[in-house]
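Here is the structure we will look at, set down as structure tokens.
The values are calculated or read from the model by the stated rules, or taken from the named source; none is laboratory data. Since the model is a prediction, treat every value here as computed from it, not as a measurement. Don't worry about glycine lacking a Cβ; one is built from the backbone with ideal geometry, like all the others, and counts go over all protein chains shown.
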Amino acid sequence: MGAVEMLARASGEFDRRLRDAGVPLDAPTPCEGWTVRDLLQHVIVGNRIAVVMLEGRSRDEIVLARQELLEADQIGDDPAAAFASSGAAQVAAFSAPGALGRTIHHHVFDTMPARQLVTFRICDLTLHTWDLARATGRDEVINEGLVDWVYAAMEPSASTIGSNGMFGKGPSGTLADDAPLQQRLLDLSGRRP
């Protein structure tokens, strides 16, 4: 399955947890210091800024656009609709002819291949699906194919993943090699279920 299809699957997994009635926006998440509202804001901004990056904007324009997105309420009165809209726009942007072959500007890394950005977005959505599920008591089992894909993308960075501050302390080093893959992915990403 290609990257765009995996992105759509990751969006679908997140959307499924969010569409359950009564998502408590003030509930704490496994992401230190974040509520469900903070998590949703982060994910929706990520979806929307990816679209901006794929439009070919300069790094300065992207930095400004991201700041504006972060400062505005991305959730509104209907969190599920806000996410669905941003997720669909992101999948459409990556689906455009030639999109995955582009080099894009990024607010942190200056430039990068769009294929690397789509990998980041798939990983972000997948891991935050689990965060959302854990925070709201929803189904925590993520699609097996998606878990396989994300683990394969992240595992080569296992030795340094805890040093960038994005994934807690990184892998604990305590899981057996034959532990379920989702459990190993969560551990790799600094989550301790």
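Across the stretch 124-135, what is the total count of residues that are under 24 Å from Ser95 (Cβ atoms) and either crowded, with 22+ Cβ neighbours inside 10 Å or at pLDDT below 95 (or both)?
Initial filter on the stretch 124-135 (under 24 Å from Ser95 (Cβ atoms)): 124-129.
If we keep only those that are either crowded, with 22+ Cβ neighbours inside 10 Å or at pLDDT below 95 (or both) as well, we get 125-129.
Of the residues in that region, 5 qualify.
Restricting attention to the stretch 158-189, which residues are at pLDDT 85 or above and more than 17 Å from Ala133 (Cβ to Cβ)? I'd like the intermediate steps shown before the answer.
From the stretch 158-189, those at pLDDT 85 or above are 171-189; that's our starting set.
Listed by number, the residues that qualify are Pro171, Ser172, Gly173, Thr174, Leu175, Ala176, Asp177, Asp178, Ala179, Arg184, Leu188.
Quick one: which residue in Ala89, Ala96 is closer than 17 Å to Leu125 by Cβ and at pLDDT 95 or above?
Ala89 is the lone residue from the list that is closer than 17 Å to Leu125 by Cβ and at pLDDT 95 or above.
Limited to the stretch 56-87, what total is found for residues that are assigned to a loop (DSSP other than H, G, I, E, B) and either free of Cβ contacts under 8 Å to residues at least 24 places away in the same chain or among the aliphatic types (A, V, I, L, M) (or both)? Full working, then the answer.
If we filter the stretch 56-87 for residues that are assigned to a loop (DSSP other than H, G, I, E, B), which is where we start, we get 56-58, 72-78.
Okay, now just the ones that are also either free of Cβ contacts under 8 Å to residues at least 24 places away in the same chain or among the aliphatic types (A, V, I, L, M) (or both), so 72, 75-78.
The qualifying residues number 5.
Against the conditions (1) at pLDDT 95 or above; (2) outside any helix (DSSP H, G or I), where does Arg138 fall short? Just the number, please.
Exception for Arg138: condition (1).
Going by the structure shown, is Gly173 in contact (Cβ under 8 Å) with a residue 60 or more places away in the chain, more than 21 Å from Ser11 (Cα to Cα) and surrounded by fewer than 21 Cβ atoms within 10 Å (Cβ to Cβ)? First the steps, then the outcome.
On the way: in contact (Cβ under 8 Å) with a residue 60 or more places away in the chain: no; more than 21 Å from Ser11 (Cα to Cα): yes; surrounded by fewer than 21 Cβ atoms within 10 Å (Cβ to Cβ): yes.
Taking the combined requirement at face value, the residue does not satisfy it.
Please specify each residue of the stretch 2-41 satisfying the condition of being of a type in the set (Ser, Thr, Tyr) and either free of Cβ contacts under 8 Å to residues at least 60 places away in the same chain or not in a loop (DSSP other than H, G, I, E, B) (or both). Outline the logic, then answer.
Within the stretch 2-41, the first condition is being of a type in the set (Ser, Thr, Tyr), and the residues that meet it are 11, 29, 35.
Matches in the stretch 2-41: Ser11, Thr35.
If Asp38 meets every condition in (1) within 21 Å of Asn143 (Cα to Cα); (2) modelled with pLDDT of 95 or more; (3) not aliphatic (A, V, I, L, M) apart from one, which number is that one?
That leaves (1) as the condition not met.
Test each condition in (1) of a type in the set (A, V, I, L, M); (2) out of contact with any Leu (no Cβ under 6 Å at 6 or more places or on another chain); (3) surrounded by 15 or more Cβ atoms within 10 Å (Cβ to Cβ) for Met1 and report the one that comes out false.
Answer for Met1: the failing condition is (3).
Which residue pairs have Cβ atoms under 7 Å apart, sit 6 or more places apart or on different chains, and have a first residue in the stretch 97-120 that is surrounded by fewer than 17 Cβ atoms within 10 Å (Cβ to Cβ) and a second that is of a type in the set (Gly, Ala, Ser) and in a strand (DSSP E or B)?
none
Give the stretch 159-170 a look and list any residue that's part of a helix (DSSP H, G or I) and surrounded by 18 or more Cβ atoms within 10 Å (Cβ to Cβ), or say none. First the steps, then the outcome.
Taking the stretch 159-170 first, the residues part of a helix (DSSP H, G or I) are 161-163.
Across the stretch 159-170, the qualifying residues are Ile161, Gly162.
Could you check, for the stretch 137-158, whether at least one of its residues is within 11 Å of Leu7 (Cβ to Cβ), surrounded by fewer than 16 Cβ atoms within 10 Å (Cβ to Cβ), over 14 Å from the mean Cα position of the chain (by Cα) and of a type in the set (Ser, Thr, Tyr)?
No.
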